[in-house]
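Here is the structure we will look at, set down as structure tokens.
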Amino acid sequence: MNNKRNLCLSGKNVTKVFGLGNKKNVAVDNVDFEFYEGDLISIVGESGSGKTTLAKMLLGLTKITKGEIFFQDKLRDISTHKKKKEYWTNIQAIFQDPFSAYNTFLKIDSVLLDCINMRGGKHFAMDKKIQLMTEACSFVNLKYAELTNKYPFELSGGQMQRLMIARIFLLKPKILLADEPTSMIDACSRATILDMLMNLRNEIGTTIIFITHDIGLAYYISDSVYIMEHGKFVERGTAEEVIIHSKADYTKRLISDVPKIHEEWDLTTV
Amino acid sequence: MGKKILEVKNLTTKYITRFGENVYAVDDVSLTVEEGKSLGIAGESGCGKSTLALSLMGYYFPPLHYTSGDISVDGKLITQMKPDTIRKSILGKEIAYIPQAAMNALNPTQKIISFIEDVIHAHEPKMPKNDIYDMAKKRFEELGLPATVLNQHSVELSGGMKQRTVIAISTILSPKVLIADEPSSALDVTSQKMVIKMLRNLMDKGYIKSMIFITHELPLLYNVTDDIMVMYAGQVVEKGTAKEMIFTPTHPYSKGLMGSIIVPEEGTRDVKLCAIPGTPPNLKKLPGGCRFAKRCAYVTSECKVNPVGLREYGDGRSYRCIIDAEKLQEGYANE
């Protein structure tokens, strides 16, 4: 661990309530969190536990009912569109479904060129732009020469998700929010994508917030783990603490629900 | 040896694209499933798992075309039947299918009970509605689903519940073979476990005689099925019992698949995952020799020229590689 650890994103009493009166539904309930720079943080929970709502609030896509979010120790201000845009240069996201993440009418070149232009590369010569794009593609084990002049729907799901990571590599945000990036991808490409996320962290120092329901993935990839149940964090700590020496019953149940290969899988508990 | 419920011999099916190209998505596949047994099919996306599932039902719609081979269900040869006969007498009664997108399979404007009425009336038009309701209620309760579900619409159910309802509906006629195509990939771990428990329950109570389970999650296959078959680019590359396949995989591709397993157990964190490099070949222009040669770590010059057949080895196992199994195992041990 680093000696000097700066807070990247933190929250105090963050709450999100949907509906009013009888139909009131508290999706995220008074949560506090501290995400440090350069860490890989996992948020684990079942469907409906409020993971994605929290992610949307972090991204500034939905309003917060109560509480504050701090970005680099300063209160996050996204009151105007201009300020929001500035915030989004620092935080980027990868979503679950790679198939619907791309504009079908744009070629892959223009997807990547957009990223370069957004980071002050508008005046670069075409050679330089191509070199940057080739570099980004080779970072995710894709070949630029094979991708050029193609549309996103001509790629497989794993390739699309990798191209998404290439975009992030060009954009170089401070924080990357990955919302179940591997749940629609087969087990073999999943390993590659996880490795790429870890490389991304090592190469450009991005803080990665990884949201998943698979506690096995969280254990493999992350430094610290937050376990979420019904909008609350029931357990938090380093991966070793939470998953190997877990205290909360909910965490233990999540772990027992993962299919095992070295011990008997107990089917009677559900 | 139990009674053979499903027997497939040298099945080949193809897609014809709109440019007239032939894509052989299932190439010379043979398999048998005995009574009370289940078979798991594993492989990357695009290797032909789902096409195999569709072909097994004998229900061919363009662009999918039947080329050669035999499929027999409980002694009946279905590859010679007309599509209409298959639809009326085989589907639902003999073979049931749970599609990959089962979550969206229910019409939101209908109650669950009306789907069941539809299924039963297609095969027994004269059965009264009260009897159907009683039968459905009994079946749902036995499988651990509340009977109130029957009078609800699909939008009122959660994802896991919807998936289990679809399974209950498709097995209501007690089919001999159940083909489950990734029934749990879209669910979280707890709902996934409930789905698996329900499938086990169906097998134990004898409502389904045998099962084919398709997934890319290998730890799941190990816990659910008796045998595992690994497919690559339309071909079977290895077959064996679940235990053999997980602990001593022989084919380099199976070995690679096992290397991508992640389980939350102590000590797995520092082990580097060994993903297989590269991507599967394009089925339109297949390489001449072994289809896996390009990505294989044990490739020889011979691999790229001669096609490889399935080789028998040990106790009912078979694999598709020109290198001897013992040598491959030695190689893995030295890694």
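Bear in mind these aren't lab numbers, they're just calculated from the coordinates by the rules spelled out. Keep in mind that this is a model prediction, so the values were computed, not measured. No Cβ is skipped: glycine too gets one built from the backbone with ideal geometry, and neighbour counts run over all protein chains shown.
Give the average, rounded to an integer, of partner chain Cβ atoms located within 10 angstrom of each Cβ in A:42-49. Can you show the working numbers first?
Numbers: counts 0, 0, 2, 1, 6, 9, 3, 1.
So the per-residue partner count for this stretch is 3.
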Once phi for every residue in segment B:20-36 is put through the Karplus expression 6.51 cos²θ - 1.76 cosθ + 1.60 (θ = phi - 60°), the whole-Hz ³J(HN,Hα) values, with Gly and Pro written as x, are x, 7, 9, 10, 7, 7, 10, 10, 6, 9, 10, 7, 9, 10, 8, 4, x
Of the residues A:102, B:328, B:314, the Cα lying farthest along the dipole of the protein assembly as shown towards its positive end, which is defined by charges on the beta carbon of Lys, Arg, Asp and Glu, belongs to A:102
Within the under-9-Å Cβ sphere about residue A:227, not counting residue A:227, Lys/Arg +1 and Asp/Glu -1 give a net charge of -1
Nearest 10, in degrees from 0 to 90: the angle of helix B:159-170 to the longest Cα principal axis of chain B is 80
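Let me know the mean shielding of B:246-257 by other chains, meaning the per-residue number of their Cβ atoms within 10 Å of its Cβ.
Details: counts 2, 2, 0, 0, 0, 0, 0, 1, 0, 0, 2, 3.
Across the residues of B:246-257, the mean count of other-chain Cβ atoms within 10 Å is 1.
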Kirkwood-Stokes translational diffusion coefficient of the protein assembly as shown, alpha-carbon pairs, 20 °C, 1.002 mPa s, µm²/s: 81
For residue B:12, the net charge from surrounding residues (Cβ-Cβ under 9 Å; K, R +1; D, E -1) works out to -1
Taking the convex hull of Cα positions in segment A:156-270, its mean projected area over all directions (nm²): 8.3
Report the residue, chosen from B:293, B:233, B:122, that carries the largest GNM mean-square fluctuation when chain B is represented by alpha-carbon nodes joined by springs under 10 Å. B:122
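Can you sort A:228, B:203 by how many other beta carbons sit within 10 Å, fewest first?
Details: A:228 23, B:203 18.
Fewest to most other Cβ atoms nearby, the residues stand as B:203, A:228.
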PRE reach from residue A:47 (point 7 Å along Cα→Cβ): which of segment B:61-103 fall under 16 Å by backbone N? B:99-103
In degrees, nearest ten, helix B:325-334 long axis to first principal axis of chain B (Cα): 80
Please compute the modelled spin-label separation between residue A:34 and residue B:124, points set 7 Å along Cα→Cβ, answer in nm with one decimal. 6.7
Any residue on another chain or 5+ positions along whose placed amide H is under 5 Å from the amide H of residue A:28 is listed here as A:16
Compare the Cα positions of B:81, B:60, B:71 along the charge dipole of the protein assembly as shown (+1 at Cβ of Lys, Arg; -1 at Cβ of Asp, Glu; about the Cα centre) and return the one farthest towards the positive end. B:60
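As a check on your grasp of the helix formula, calculate [θ] at 222 nm for chain A: sum -39500 (n - 2.57) over DSSP H runs of n ≥ 4, divide by the residue count, round to the nearest 500. Write out the running numbers ahead of the final one.
On the way: 9 runs with 94 residues, N = 270.
Helix contribution divided over all residues of chain A: -10500 deg cm²/dmol.
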Rounded to 0.05, the calculated FRET efficiency for the beta carbons of residue A:126 and residue B:138 at R₀ = 45 Å is 0.05
Give me the net charge for the shell around residue A:110: Cβ to Cβ below 13 angstrom, other residues only, Lys and Arg +1, Asp and Glu -1. +2
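On alpha carbon coordinates alone, what is the Rg over Rh value for segment A:60-163, Rh being the Kirkwood radius?
On the way: Rg = 16.8 Å, Rh = 16.1 Å.
For segment A:60-163, the value is 1.05.
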Of B:258, B:290, B:242, which is farthest along the charge dipole of segment B:213-335 in the positive direction, counting Lys and Arg as +1 and Asp and Glu as -1 at C-beta? B:290
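Could you please rank B:138, A:51, A:129, placing first whichever residue has the fewest other Cβ atoms within 10 Å of its Cβ? Don't skip to the end; give the middle numbers.
Numbers: B:138 11, A:51 23, A:129 17.
Ascending Cβ contact count within 10 Å gives the list B:138, A:129, A:51.
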Between residue A:154 and residue A:99, what is the label-to-label distance in nm when each label sits 7 Å out along the Cα-to-Cβ direction? 2.0
Using the Karplus equation 6.51 cos²θ - 1.76 cosθ + 1.60 (θ = phi - 60°), what ³J(HN,Hα) coupling, rounded to whole Hz, does each residue of segment A:216-228 give in order, writing x for Gly and Pro? x, 4, 4, 5, 5, 9, 9, 7, 10, 10, 10, 9, 10
Shielding of A:150-161 by other chains, given as the mean Cβ count within 10 Å, works out to 1
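In deg cm²/dmol and to the nearest 500, what is the mean residue ellipticity at 222 nm of chain B if only DSSP H runs of at least 4 residues count, each as -39500 (n - 2.57), divided by the residue total? Don't jump to the answer; show the numbers that get you there.
Details: 9 runs with 92 residues, N = 335.
Dividing the helical sum by the residues of chain B leaves -8000 deg cm²/dmol.
Using +1 on the beta carbon of Lys and Arg, -1 on that of Asp and Glu, and nothing else charged, what's the dipole of the protein assembly as shown about the Cα centre, debye to 20? Write out the running numbers ahead of the final one.
Values: 76 positive and 71 negative charges, 391 e Å.
Here the size comes out at about 1880 debye.
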Based on Cβ point charges of +1 for Lys and Arg and -1 for Asp and Glu, what charge dipole magnitude is obtained for segment A:227-270 about its Cα centre, in debye rounded to the nearest 20? 180
Given bins 20 angstrom wide, list per bin the percent of all Cα-Cα distances in chain B, short to long. 29, 56, 15, 0
Dividing the alpha-carbon Rg of segment A:11-76 by 2.2 N^0.38 Å yields what? 1.16
Quick P(r) readout (segment A:3-127; Cα-Cα; 5 Å bins; whole %) gives 2, 8, 15, 18, 17, 15, 12, 8, 3, 2, 0, 0, 0
Mind pulling the angle between the C-alpha long axis of helix B:189-204 and the longest principal axis of chain B? Nearest 10 degrees, somewhere in 0 to 90. 80
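What order do you get for A:7, A:163, B:64 when you list them from fewest to most C-beta neighbours inside 10 Å?
Details: A:7 13, A:163 22, B:64 17.
The order, fewest Cβ neighbours first, is A:7, B:64, A:163.
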Taking segment B:22-116, the equivalent ellipsoid from its C-alpha gyration tensor has semi-axes in Å, biggest first, of 24, 18, 16
Starting at the first residue of segment A:93-104, write each ³J(HN,Hα) from the Karplus equation 6.51 cos²θ - 1.76 cosθ + 1.60 with θ = phi - 60°, in whole Hz, x for Gly and Pro. 9, 10, 9, 4, 9, x, 5, 9, 7, 9, 7, 5
Computed over the Cα atoms, what is the radius of gyration of segment B:26-72 divided by 2.2 N^0.38 Å, N being its residue count? 1.22
Over chain A, how many percent of alpha carbon pairs lie in each 10 Å bin up to the one with the longest distance? 6, 27, 34, 23, 9, 1, 0
Projected-area mean, segment B:158-302, by convex hull of Cα positions, square nanometres: 11.2
How many nm separate the modelled label positions at residue A:68 and residue B:103, each set 7 Å beyond the Cα in the direction of the Cβ? 3.8
